[in-house]
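The values are calculated or read from the model by the stated rules, or taken from the named source; none is laboratory data. Just so it is clear, the model here is predicted, and its values are computed rather than measured. Every residue, glycine as well, gets a Cβ built from its backbone with ideal geometry; the counts of neighbours run over all protein chains shown.
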Amino acid sequence: MLAHLDPLILARAQFGFTVAFHIVFPSFSIGLASYLAVLEGLWLATGRPVYMDLFRYWLKIFAIAFAMGVVSGLVMSYQFGTNWSVFSDKTGPVLGPMMAYEVLSAFFLEAGFLGVMLFGMTKVGPRLHFAATLMVALGTFFSAFWILSVNSWMQTPAGYGTNPQGQFVPLDWWAVVFNPSFPFRLVHMVLAAYLTTSLVVGAVGAWHLLRDRANPAARTMFSMAMWMAALVAPAQILAGDAHGLNTLEHQPAKVMAMEGHYQSHPDGAPLVLFGLPDQEAGTIRYAVKIPKLSSLVLKHALDAPLAGLDSLPRKDWPPVPVVFWSFRVMVGLGLLMLLLGGLSLLARYQGRLYAWAPLHRFALAMGPAGFVAVLAGWITTEVGRQPYTVYGLLRTADSASPLAGPAVAASLTAFVVVYFSVFAMGTFYILRLMAKPPQVGEPGLQPGVPIRTAGITPAPAVDPDRHLQPAE
Amino acid sequence: MLYSVDLTILWAFVIAFAVFAYIVMDGFDLGIGILFPILRPGPDRDTAMNSIAPVWDGNETWLVMGGGGLFAVFPLAYAVILPALYAPILAMLLGLVFRGVAFEFRWRDPGHRAVWDMAFTVGSVVAALAQGITLGALLQGIAVEGRAYAGGWWDWLTPFSLLVGVSLAIAYALLGATWLVMRTEGLLQLQARRLAQQLTVGTVAAVALVSAATPFLQVRYFERWMAMPNVLVTAQVPLLVALAGYALWRTLRNGGERAPFLIALGLFGLSFLGLGISIYPDVVPGRITIWQAAAPEASQIFLLVGAAALIPTILAYTAYSYWVFRGKVDTHGYH
């Protein structure tokens with residue numbers, strides 16, 4: 001029975017599964033690293049102990065989230081070769097060095113600064129410690145920078161040539177790294193990480209406010225998170241719009257799939273709100289649409305013509321149903337985030353930010369929304385790029401390793417079993433930490449407990465008193 | 001042209017260094033995972049864990065460096081080797097994932113400590129066996145057609161690859177035991193010393209078996225090792241292995257503390273040197289040379305700029321942290 005399995009589909013499922021797990025933890029740790037830097041900066045500036053309590057509270061969660069990001073990243077660095085060997089051979093000269101830079105920057109960060117951030121407060125003093133926290137935040141950003149540059153190059157390749165062996169080779173590294181979609185993707189993804197983190201922080205704050213309205217740390221974190229949501233959610237919608245226009249320019253088929261435009265519209269395309277895409281028939285069934293709005297959004301003119309997938313050969317179509325729905329999930333959640341931010345501003349104006357229980361319940365429910373939106377966004381951009389791995393140049397079907405179906409089926413099964421048990425436990429430990437209310441004089445990381453995140457830091461050993469201490 | 005040739009050799013040595021750094025550094029902490037069920041539950045296990053707690057994660061990152069470097073600088077080799085060794089490589093990765101989280105969860109979740117200890121051992125054993133099998137399968141040769149792997153998905157499984165797999169697990173256990181001799185005291189050290197003696201015999205026997213089998217895998221290995229005048233140089237390697245094995249045995253009996261670990265490292269160095277003699281300048285033995293697999297100069301230079309700055313920094317930092325953690329360890333961590 002296993003022999004009938006299509007190795008290509010299985011390899012895609014495996015990559016999608018492992019990368020979906022991997023993306024969740026870094027998108028949280030990028031935002032959380034910056035949040036920790038802000039907390040420590042505010043603590044240094046104001047001396048208010050509540051910021052240090054919050055710093056310690058979230059540092060423990062950061063340690064686990066970062067560790068799981070590292071563990072799931074280890075697998076990613078080999079999967080390009082095991083499952084996508086033709087892709088690796090052809091793109092290695094261009095993408096390999098960029099991925100190696102990602103590894104080097106992550107390694108450097110882990111070696112140099114994480115340990116100090118986790119354990120080194122009494123050893124190096126508050127100011128140097130703050131510098132280490134900033135470096136960690138910067139390091140997570142650099143990791144995102146390189147890996148998103150790699151991904152963007154696959155979407156909008158630039159600065160390359162080809163050699164007689166059929167490989168892509170770098171001609172202009174600047175053009176390779178800063179390829180056309182990279183700035184848009186970087187901004188959109190980093191904002192997504194911030195938004196995701198603010199929703200998680202807001203949900204934890206809301207949870208503890210619902211139980212004890214007077215908890216000062218819960219009040220502070222909820223207020224900070226709601227400011228962040230109110231500011232970043234609209235910015236993210238603008239960034240997403242700009243990213244969409246960039247996609248229209250470079251990958252029109254993806255936008256057609258997002259919009260559900262099977263047909264071309266020479267005089268103004270409608271905005272399809274909902275409907276059931278039928279890939280076989282090439283149409284959206286039961287479509288609810290607003291005439292000409294899509295042309296207005298994408299071309300800024302009601303009657304602007306918009307081409308549909310019928311202008312392309314069928315073999316170049318992305319799978320519309322997946323992209324159509326994932327895009328709507330992302331946008332829908334984005335609008336809910338905007339609503340949450342707006343309601344928080346209203347509550348703040350009315351002076352009941354810490355007292356309005358329905359707002360807290362809404363914020364609690366929105367806690368995981370950032371992760372879902374990030375995943376939906378990634379599905380939109382990755383599935384929308386199909387049937388190519390390097391857009392317009394290398395087809396997915398021509399990228400895979402020459403592997404037998406049963407081999408990939410077995411490994412996929414193993415990944416599912418191991419990942420669900422391992423990451424479920426990690427998530428459980430994170431949730432358990434979140435369920436505890438932040439306290440005045442919040443304890444730091446326990447010194448006797450090894451933390452993968454601490455890396456090779458000598459800080460815990462040279463420091464006789466390994467607990468974080470407040471300054472003064 | 002000459003310049004680019006030099007760069008390719010330089011990169012081959014950088015990657016070989018990363019692989020060797022990985023083998024010896026993750027080797028001793030995988031070895032402790034392998035020996036774990038033999039150690040007494042309670043204080044002994046906690047002490048053994050504590051002895052590797054601060055360093056094992058940094059050790060493992062060299063594996064990512066090796067894989068990432070191979071992809072960047074020898075993409076063809078990366079694209080041929082990984083699919084050929086699909087099963088052992090994925091088994092290794094999953095083993096490492098399991099072991100890595102078990103390491104942490106064991107402290108966070110004392111109620112299930114026995115379960116996580118088991119996961120720690122199973123993950124370590126699987127990773128060690130898989131790494132040895134990978135090496136064995138690479139040595140015995142993999143089928144290549146054009147620019148792709150052309151064999152089946154069970155090709156890696158032969159008596160030879162299994163022999164190398166078991167040998168590496170034994171050798172890792174030796175490294176782990178000598179590490180414990182260096183880092184612990186009392187009954188645990190005594191137990192580690194006895195284990196290390198048995199494992200010395202096992203390791204030298206394993207190296208001998210693998211070395212004896214290797215020249216018969218491919219004619220080129222045989223010529224490399226046995227033909228005149230090469231044999232005058234290459235014969236020194238097994239001779240040195242025998243000497244190192246004897247020295248290790250002696251120092252273990254005479255109460256050496258650090259010497260056993262250092263000599264065990266030397267054994268690994270000699271074996272790695274032997275491996276280099278067998279395959280250089282190939283990256284896929286008998287099929288693809290480093291020059292055939294090399295990425296263009298533009299890629300090599302681009303990465304070299306960063307690597308030249310970052311690798312020495314990382315090395316210095318690693319050395320510093322090993323220096324800091326040089327003493328004896330007990331259940332409460334380093335003294």
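Across region B:206-253, which residue is farthest from B:ARG287 (Cα to Cα) among those that are more than 24 Å from the chain's Cα centre (by Cα) and at pLDDT 85 or above?
B:ARG253
Being surrounded by 19 or more Cβ atoms within 10 Å (Cβ to Cβ), without any contact (Cβ under 8 Å) to a residue 24 or more places away in the chain and within 11 Å of chain B (Cβ to nearest Cβ) is the requirement here; does A:GLY96 meet it?
Details: surrounded by 19 or more Cβ atoms within 10 Å (Cβ to Cβ): yes; without any contact (Cβ under 8 Å) to a residue 24 or more places away in the chain: yes; within 11 Å of chain B (Cβ to nearest Cβ): yes.
So A:GLY96 passes the test.
Suppose the filter is within 9 Å of another protein chain (Cβ to nearest Cβ), surrounded by fewer than 20 Cβ atoms within 10 Å (Cβ to Cβ) and small (Gly, Ala, Ser); does B:ALA148 pass it?
Here the answer is yes, as B:ALA148 does meet what is asked.
Would a scan of region A:40-59 turn up a residue that is more than 22 Å from A:SER401 (Cα to Cα), within 11 Å of chain B (Cβ to nearest Cβ), touching a residue at least 40 places away in the same chain (Cβ under 8 Å) and in a helix (DSSP H, G or I)? Give the steps one after another, and end with the answer.
Taking region A:40-59 as the starting set, the residues that turn out to be more than 22 Å from A:SER401 (Cα to Cα) are A:40-59.
Narrowing further to those that are within 11 Å of chain B (Cβ to nearest Cβ): none.
No; the residues of region A:40-59 include none that is more than 22 Å from A:SER401 (Cα to Cα), within 11 Å of chain B (Cβ to nearest Cβ), touching a residue at least 40 places away in the same chain (Cβ under 8 Å) and in a helix (DSSP H, G or I).
Of all residues in region B:289-310, count the ones that are of a type in the set (A, V, I, L, M) and more than 8 Å from chain A (Cβ to nearest Cβ).
Residues of region B:289-310 of a type in the set (A, V, I, L, M): B:290, B:293-295, B:298, B:301, B:303-305, B:307-310.
Add one more test, that the residue is more than 8 Å from chain A (Cβ to nearest Cβ), and what stays is B:290, B:293-294, B:301, B:304-305, B:308-309.
Summing the residues that are of a type in the set (A, V, I, L, M) and more than 8 Å from chain A (Cβ to nearest Cβ) in region B:289-310 gives 8.
Checking A:MET226 against (1) more than 14 Å from every other protein chain (Cβ to nearest Cβ); (2) surrounded by fewer than 20 Cβ atoms within 10 Å (Cβ to Cβ); (3) part of a helix (DSSP H, G or I): exactly one of these is not met. Which one?
A:MET226 satisfies every listed condition except (2).
Inside region A:76-91, can you point out the residues that are modelled with pLDDT of 85 or more and assigned to a helix (DSSP H, G or I)?
Across region A:76-91, the qualifying residues are A:TYR78, A:GLN79, A:PHE80, A:THR82, A:ASN83, A:SER85, A:VAL86, A:PHE87, A:SER88, A:ASP89, A:LYS90, A:THR91.
So how many residues does region A:64-86 have that are more than 30 Å from A:PHE428 (Cβ to Cβ) and either surrounded by 24 or more Cβ atoms within 10 Å (Cβ to Cβ) or at the interface with chain B (Cβ under 8 Å from one of its Cβ atoms) (or both)?
Going through region A:64-86 one residue at a time, the tally reaches 4.
Conditions: (1) within 30 Å of A:ARG56 (Cα to Cα); (2) surrounded by fewer than 24 Cβ atoms within 10 Å (Cβ to Cβ); (3) away from chain B (no Cβ under 11 Å). A:LEU118 meets all but one. Number of the miss?
(2)
For B:LEU174, all conditions in the list (1) within 14 Å of the chain's Cα centre (by Cα); (2) surrounded by fewer than 24 Cβ atoms within 10 Å (Cβ to Cβ) hold save one; what is the number of the exception?
(2)
How many residues, within region A:124-166, are within 14 Å of another protein chain (Cβ to nearest Cβ), in a helix (DSSP H, G or I) and over 16 Å from the mean Cα position of the chain (by Cα)?
So the answer is 3.
Determine whether region B:114-128 contains at least one residue that is more than 12 Å from chain A (Cβ to nearest Cβ), over 24 Å from B:VAL181 (Cβ atoms) and assigned to a helix (DSSP H, G or I).
Within region B:114-128 (the criterion being more than 12 Å from chain A (Cβ to nearest Cβ), over 24 Å from B:VAL181 (Cβ atoms) and assigned to a helix (DSSP H, G or I)), the answer is yes, since at least one residue qualifies.
Among (1) at pLDDT below 90; (2) within 25 Å of B:THR158 (Cα to Cα); (3) among the small types (Gly, Ala, Ser), there is one condition B:GLY68 misses while meeting the rest; what is its number?
Result: B:GLY68 fails condition (2) only.
B:PRO285 fails exactly one of the following numbered conditions: (1) modelled with pLDDT under 85; (2) surrounded by fewer than 19 Cβ atoms within 10 Å (Cβ to Cβ). What is the number of that condition?
So the condition that B:PRO285 fails would be (2).
Look through A:GLY202, A:GLY268, A:GLY240 and report the one residue that is modelled with pLDDT under 85 and of a type in the set (Gly, Ala, Ser).
None of the other options fit; the residue is A:GLY268.
Restricting the search to region A:357-391, which residues are in contact with a Ser or Thr (Cβ under 9 Å, 6 or more places away or on another chain) and small (Gly, Ala, Ser)?
Hits for region A:357-391 are A:ALA363, A:ALA369, A:GLY370, A:ALA373, A:ALA376, A:GLY377, A:GLY384.
Taking the options B:GLY286, B:GLY269, B:GLY276, name whichever one is within 23 Å of the chain's Cα centre (by Cα), part of a loop (DSSP other than H, G, I, E, B) and away from chain A (no Cβ under 11 Å).
Criteria check complete, one pass: B:GLY286.
Taking region B:292-324, which residues are at pLDDT 85 or above and of a type in the set (Phe, Trp, Tyr)?
B:PHE302
Considering only residues that are assigned to a loop (DSSP other than H, G, I, E, B) and among the aromatic types (Phe, Trp, Tyr), look in region B:142-180 and name the one that is nearest to B:PRO285 (Cα to Cα). Steps first, please.
First, pick out the residues of region B:142-180 that are assigned to a loop (DSSP other than H, G, I, E, B): B:142-143, B:146-147, B:150-158.
Among the residues that remain, those that are also among the aromatic types (Phe, Trp, Tyr) are: B:153-154, B:156.
Values: B:TRP153: 19, B:TRP154: 19, B:TRP156: 14 Å.
Selected residue: B:TRP156.
Residues to consider are B:ARG183, B:ARG193; find the one that is buried (at least 23 other Cβ atoms within 10 Å of the Cβ), within 27 Å of B:LEU248 (Cα to Cα), over 17 Å from the mean Cα position of the chain (by Cα) and away from chain A (no Cβ under 12 Å). Before you say what the answer is, go through the steps one by one.
Numbers: B:ARG193 fails: buried (at least 23 other Cβ atoms within 10 Å of the Cβ).
Exactly one of B:ARG183, B:ARG193 is buried (at least 23 other Cβ atoms within 10 Å of the Cβ), within 27 Å of B:LEU248 (Cα to Cα), over 17 Å from the mean Cα position of the chain (by Cα) and away from chain A (no Cβ under 12 Å), namely B:ARG183.
Tell me, which helices (runs of 4 or more DSSP H) wholly within region B:14-100 include 2 or more residues that are buried (at least 23 other Cβ atoms within 10 Å of the Cβ) and facing chain A (nearest Cβ under 8 Å)? Talk me through it step by step, then tell me what you get.
Working: elements: B:43-52, B:56-73, B:75-84.
It comes to B:56-73, B:75-84.
If you check A:LEU231 against the conditions, is it assigned to a helix (DSSP H, G or I) and closer than 30 Å to A:PRO291 by Cβ?
Values: assigned to a helix (DSSP H, G or I): yes; closer than 30 Å to A:PRO291 by Cβ: no.
No.
Select from region B:136-156 the residues that are at pLDDT 85 or above and more than 20 Å from B:VAL219 (Cβ to Cβ) and list them in ascending order.
B:TRP154
Taking the conditions exactly as written (part of a helix (DSSP H, G or I) and not small (Gly, Ala, Ser)), does A:ASP241 satisfy them or not?
Numbers: part of a helix (DSSP H, G or I): yes; not small (Gly, Ala, Ser): yes.
Spelling it out, A:ASP241 is indeed part of a helix (DSSP H, G or I) and not small (Gly, Ala, Ser).
Can you find a residue in region A:321-342 that is more than 24 Å from the chain's Cα centre (by Cα) and without any contact (Cβ under 8 Å) to a residue 60 or more places away in the chain?
Filtering region A:321-342 for residues more than 24 Å from the chain's Cα centre (by Cα) gives none.
The answer is no, given that none of the residues of region A:321-342 is more than 24 Å from the chain's Cα centre (by Cα) and without any contact (Cβ under 8 Å) to a residue 60 or more places away in the chain.
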